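Reading through the structure tokens given below for one structure.
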Amino acid sequence: MKSLRRGTAASVIAIGLAAAALTGCSSGDAGGTGDPGKLTVWYRPGSLPAASIDGVKAQFPDVKFDLVETPDLDKKLAAALRSGTDVPDIMVADVLQYGSVEDKFLDVSEHGFSDVADDYLDWKVASGQSATGRQIGIPIDIGPYGYYYKPADFEAAGLPSEPDAVGEAVATWDGYENVLSELAKTGHRGCDHASNVYYYTMYATGTSFYEGEGADATFDPESAENKEAFDRAMQFQEDGYCTNTNWWGPEWNSAASQGDLVGFLAPPWIGGALMDAAPDQSGQWRIATKTPGGAASENGSTLMISAATADPDLATDVAIWMTDAENQAQGFAKDGLFPSAVAAFDMPAMKEPSEFYGDQVTAQVLGELALAAPTFNRGPNTIPATNIFRQTITDSVENGASADEAYKSALTKVTSELGG
């Protein structure tokens, strides 16, 4: 496969769907429309390039499409899988989340995907494979983390303001802490929420609570990397470096729009949220060329196909087209979805300067960060364990728990609910 670098980090999304909820799935029909001329596609808001959604009917004029934007996709998909009915033909889903019922999904390598697998980053292709090696996911986006910041506020704090210089300033954790300290002296914050610092640190270290790979991997919630990430996040919180506002919330939007939040670590889709939250700040933001402690990238999303779809080859062809390089390049330009298709990196849409970011070519910055991200080995407990530790950090803002108290509380809950 075409390898720009084999590095990945999982998208730890608060799906709220335990593997146990799927173990009772019907052993009968897995769903699918049953009609060779019709395909039902489920996707979350913002999870697919708008260009692919808008253009798929014209690209496949003989197919009747039912394109369903589904905010609570995982909840509905779990119910459909349990009943064995109304499962869509194509859906945005996390391969790891549905590993316990992988037989309900098509092995797309047997229906044409193997012919185009080299078109995507190799680690992203690998992340679409089940534990048994079946290719049940077709790559959509990836989530390279960038450090988003406002140059004017950095200058006012006596800090560097150009992307390369800011990158050097925040490249180490000590350097980043110094930047946060200087910003705080001017009444600004260069961190949004301590739980996001924890989240990022786990990706940057390649840690997901698992030691080893594949069938030999063991769950270890007490790893030194996890404790270090947790303690750092709690320290940032205690030092007042963060706004204590979390992604997607009105408080975060307010902190950004009112100028309290002047720097944060995030994948590209949060950068898109910034544009919505503070449109009047166009031209006032940049992305640093380095991030604390090394690069990191979330895994992003995949398209999966029901094993019971009436025409597996057609469904696979459609999914491949919806995630091809041209659509993915447009997905970044219009929707903030960073491509996993290699050819997208050389397309004009990925080389356009961004007015919001002072005409910086942000795709090139994020691309370099994505290629430097470490391998991130996931397991069944990665999502729930991460969510418990993150929520504990969030709760400590309200209950005032110390770092040691909070860590012990989170570890007790993880081991009680997940083992380890």
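Couple of notes before you dig in:
- Number of residues in region 296-317 that are surrounded by fewer than 24 Cβ atoms within 10 Å (Cβ to Cβ) and aliphatic (A, V, I, L, M): the value is 4.
- Residue check, S109 within 21 Å of A310 (Cβ to Cβ), assigned by TED's automatic domain parsing to the domain that holds D317 and in contact with a strand residue (DSSP E or B) (Cβ under 7 Å, 6 or more places away or on another chain): yes
- Check on K185, under 30 Å from S301 (Cβ atoms) and of a type in the set (D, E, K, R): no
- Note on region 173-198: residues that are in contact with a helix residue (DSSP H, G or I) (Cβ under 9 Å, 6 or more places away or on another chain) and either in contact (Cβ under 8 Å) with a residue 40 or more places away in the chain or not assigned by TED's automatic domain parsing to the domain that holds A256 (or both) total 18.
- Scanning region 111-163 for residues that are hydrophobic (A, V, I, L, M, F, W, C) and either part of a loop (DSSP other than H, G, I, E, B) or without any contact (Cβ under 8 Å) to a residue 12 or more places away in the chain (or both) gives V116, L121, A131, I136, I140, A157, L159.
- Annotation note: of A14, A51, A20, A58, the sole residue that is at pLDDT 95 or above, among the aliphatic types (A, V, I, L, M) and exposed (fewer than 15 other Cβ atoms within 10 Å of the Cβ) is A58.
- With respect to the conditions (1) among the β-branched types (V, I, T); (2) within 30 Å of V41 (Cα to Cα); (3) at pLDDT 95 or above, V170 falls short on a single one, namely (2).
- The set of residues in region 224-255 that are closer than 25 Å to P268 by Cα, touching a residue at least 40 places away in the same chain (Cβ under 8 Å) and not in a helix (DSSP H, G or I) comprises Y241, C242, T243, N244, T245, N246, W247.
- Note on region 134-183: residues that are small (G, A, S), out of contact with any His (no Cβ under 9 Å at 6 or more places or on another chain) and over 21 Å from G293 (Cα atoms) total 3.
- Residue that is nearest to Y203 (Cα to Cα), among those in region 237-279 that are of a type in the set (S, T, N, Q) and under 21 Å from the mean Cα position of the chain (by Cα): N246
- Yes/no for V101 being in a helix (DSSP H, G or I) and modelled with pLDDT of 90 or more: yes
- Filter result for the condition that a residue is assigned to a loop (DSSP other than H, G, I, E, B) and of a type in the set (D, E), over E326, E352: E352
- Among the residues of region 341-358, the ones that are in contact with a strand residue (DSSP E or B) (Cβ under 7 Å, 6 or more places away or on another chain), touching a residue at least 24 places away in the same chain (Cβ under 8 Å) and closer than 17 Å to M275 by Cα come to 2 in all.
- Boolean, P88 is farther than 22 Å from P384 by Cβ and in a loop (DSSP other than H, G, I, E, B): yes
The values are calculated or read from the model by the stated rules, or taken from the named source; none is laboratory data. Since we're looking at a predicted model, the values are computed, not measured. Glycine also receives a Cβ, built like all others from the backbone with ideal geometry; neighbour counts cover every protein chain displayed.
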